[in-house]
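One structure is given here, and the rest of the page talks about it.
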Amino acid sequence: MDPDQPDTGVPASPRRRRFIALAAAAGAAAVPGAAQAATGDDVPTNLPPNLPPNVPPNVPPQVPEWMRAPGAGFLSPPYGLPSPFEKNVVRKLPDQVAAFPTATRTPLQSLFGSLTPNGLFFERHHAGVPAIDPAQHRLMLHGLVERPLLLSMKDLLRFPAVSRSHFIECSGNSIAEFKAPGQGTVQDIHGLLSGAEWTGVRLSDVLAEAGLLPSASWILAEGADAAAMSRSIPLAKALDDALLVYGQNGEMLRPEQGYPLRLLLPGFEGNMNIKWLRRLKVGDAPFQTREETSKYTDLMPDGTARQFTFQMGVKSVITAPSARQVLDGHGFREISGLAWSGQGRIARVEVSLDGGRHWEAAALDGPVQSRALTRFRCPWVWAGQEAILQSRAFDEAGNVQPTRAALLASDGQHSIYHYNAIQSWQVARNGEVSNVHV
Ligand code: CO
């Protein structure tokens, strides 16, 4: 052990050693003595070789300005906020805004891990965000049940609770990719996708409390927004893994995510996860609401439309690097992204550097959970060559993320929902990353 090196107790990995060597080789000549001692009891020795001749005031071994006086106090503010230096990491409307914007997108390129912070979770609503007083909010459960129920939030909070990680993806996510490659960032192209740890009550427990009649087979779910957003839910899903959710990432739902109560149907298209849930009516047939007849159906090449296409397909996207980024130098970097499937756990993710001719397995962050965002990672050394980066996901049900050509061959170009094709990012010699269709 070199006595001048900090002992982290962890031997540097071979890859880490290589990375450090590259960084040092790219740096300026060593200038020991140019810097000033940091803290009096520590004479700097063995300084990094890339230390500039005139060390800027806030760079070690100099003492930065934020060490020279106490910082902000507690509770500033009481509800914590990101650093002001992160002010550009926000939800946004797409670059080409419709006259009447209907959704905001998650900054996938700026996030780590597999959970989306509550303030960055994408929004899609059909008549604005209602301002609901939870004390006045009720869930009415009626129809083909033995005992109709009117439940307050206090009632629901007394049921046994579960917390589970699941993604929500708008079925219209990536919609423009059916046509031409979008020119925005991964946020603009694929940002109607987020993941959270949800806390709530099993819908099956609440249905058991009401008692289903034998003919029960569908449930109408209705939101308390001005659109009375409504969808028909098959009873099998309601009894399987559906939740009545009030918690998101450890706190109450945000207003734009359905405060104080939403339906969560893991793996089903986003609009079915009815927000501001106020009513469940049990019936014996689908209710044929507007949002499952004129909207959220899939027009096929032969002119017929698929209805009740609930499950989101197996899909993945590389978020780092991604469109409109510029690689800031040659050498090691990690390719990283997200994979998910409406039909269960991600089984495998593969990454290609050459537009799909060769594939190698990516590492998955664990634990890999069912119908949840899964972070994948793949080491890469970029030496300035052109590349076309792709990822393709496989789920435990045996589904494989299709190429764009295969998706268009099966679904045509009339559909605007359920686009889950492989995404291609082209890396140019100058490091610019752009969206291409190959
Ligand atoms: Co659908």
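The values are calculated or read from the model by the stated rules, or taken from the named source; none is laboratory data. Treat the numbers as computed from the prediction; the structure is a model and nothing was measured. Neighbour counts are summed over all protein chains in view; Cβ atoms, including those assigned to glycine, are modelled from backbone coordinates with ideal geometry.
Exactly one residue among GLY250, GLY182, GLY270 is surrounded by fewer than 23 Cβ atoms within 10 Å (Cβ to Cβ), assigned by TED's automatic domain parsing to the domain that holds ALA127 and touching a Cys at 6+ places or on another chain (Cβ under 7 Å), and that residue is GLY270. Of all the listed residues (LEU213, LEU207, LEU192), the sole one being modelled with pLDDT of 95 or more, more than 15 Å from GLY258 (Cα to Cα) and surrounded by fewer than 18 Cβ atoms within 10 Å (Cβ to Cβ) is LEU213.
Taking segment 407-438 as the range and being away from the ligand (no atom under 16 Å from the Cβ) and among the hydroxyl-bearing types (Ser, Thr, Tyr) as the test, the residues that pass are SER424, SER434.
Restricting attention to segment 266-301, which residues are outside any strand (DSSP E or B), within 12 Å of the ligand (Cβ to nearest atom) and on the phi < 0 side of the Ramachandran plot? GLU269, GLY270, ASN271, MET272, GLU291, GLU292, LYS295, THR297 - these are the residues of segment 266-301 that are outside any strand (DSSP E or B), within 12 Å of the ligand (Cβ to nearest atom) and on the phi < 0 side of the Ramachandran plot. The residues in segment 75-95 that are modelled with pLDDT of 95 or more and either farther than 30 Å from ASN173 by Cα or not in a loop (DSSP other than H, G, I, E, B) (or both) can be counted, and the count is 8.
How about segment 302-322: which of its residues are surrounded by fewer than 18 Cβ atoms within 10 Å (Cβ to Cβ) and more than 10 Å from the ligand (Cβ to nearest atom)? Within segment 302-322, ASP302, GLY303, THR304, ALA305 qualify.
Just so you know, in segment 148-162 the residues that are surrounded by 14 or more Cβ atoms within 10 Å (Cβ to Cβ) and part of a strand (DSSP E or B) include one that is nearest to the ligand (Cβ to nearest atom), and it is VAL162.
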